[in-house]
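The values are calculated or read from the model by the stated rules, or taken from the named source; none is laboratory data. Just so it is clear, the model here is predicted, and its values are computed rather than measured. Cβ placement follows ideal geometry from the backbone for every residue including glycine, while neighbour counts extend to all protein chains displayed. The accessibility values were calculated without ligands, DNA or RNA, using every heavy atom of the protein model including side chains. Shrake-Rupley method; radii C 1.70, N 1.55, O 1.52, S 1.80 Å.
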Amino acid sequence: MAAEQKETRPATGGAVLRQRVTDAITEAAFTELAEAGYARLSMEAVARRAGVGKAALYRRWPSKQAMISELIHNKVTDTLPHTPATGDLHTDLRELLATFRSQLANPLLARIGTELLAESSRDSALAEMLYTEVAAPRRLAARAILQGAIDHGELPPTLDLELGTDLLIAPLVFRMLLMQERSDDDYLETLTTATEAALKAAVR
């Protein structure tokens, strides 16, 4: 019993203070990224906004890129899309698109996403990080739905999975992230129906 109480006792003292500093740095980094952009983002500016010394940042990350990579990884881990598996392709597509919509609708994340996409064309390391941490997990979720539909006979076995994944993800990202247009329930339902029809034609 004593051991269990020790394991479940909340952190206190230095551990709490360290977490508060990390939380302050995280909020400051995302805000600074949204306002200044990745290229102009500096460790000094983040530290100043967070109300801490630069040493607090460098104790956690050796560079700006390492800091942003880890913070985005943590953010993505918290928002990885649930992969629906209802056994009905239309329902699964609709649920996954709704998840993507809720993530893209976050104003701060939308501003950061647009900035990072633009900068990634000039920074190969950033481009690789965005693909690994952001794009790849979402493509895996989409691909799992497509493979399930193939297994259930709802999509042809000759479906081009790469093209199918593009069809499921790209239109909504383009509309919300690049055009900055909203996607209401009617639009999402129409997009789901159109995507389902396109998938059935996207064969090798």
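Below, the figures for the structure above:
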| quantity | calculated |
| --- | --- |
| Summed residue charge, Cβ within 15 Å of Tyr58's Cβ, Lys/Arg positive, Asp/Glu negative | +4 |
| Sequence-separation-based contact order of the chain, relative, with Cα cut under 8 Å and 6+ spacing, percent | 21 |
| In range of the label at His82: residues from the range 91-109 whose backbone nitrogen is under 16 Å from the point 7 Å along Cα→Cβ | 91-103 |
| Amide proton proximity set for Val203, modelled H, under 5 Å, gap of 5+ | Asp160 |
| Virtual paramagnetic centre 7 Å along Cα→Cβ of Asp160, amide N under 12 Å, in the range 184-204 | 199, 201-204 |
| The chain: angle of helix 185-201 to the longest principal axis, Cα-based, in degrees nearest 10 | 60 |
| At most 15 other Cβ within 10 Å, DSSP loop - GluC sites (Glu not before Pro), the range 144-188 | Glu181 |
| Accessible area expressed per residue, the range 92-204, with surrounding protein chains retained (probe 1.4 Å, Å²) | 53 |
| Of all accessible heavy-atom area on the range 54-162, the percent that carbon and sulfur account for (1.4 Å) | 55 |
| For the chain, Kirkwood radius (reciprocal of mean inverse C-alpha pair distance, Å) | 19.3 |
| Computed [θ] at 222 nm, deg cm²/dmol, the chain (DSSP H ≥ 4; -39,500 (n - 2.57); rounded to nearest 500) | -22000 deg cm²/dmol |
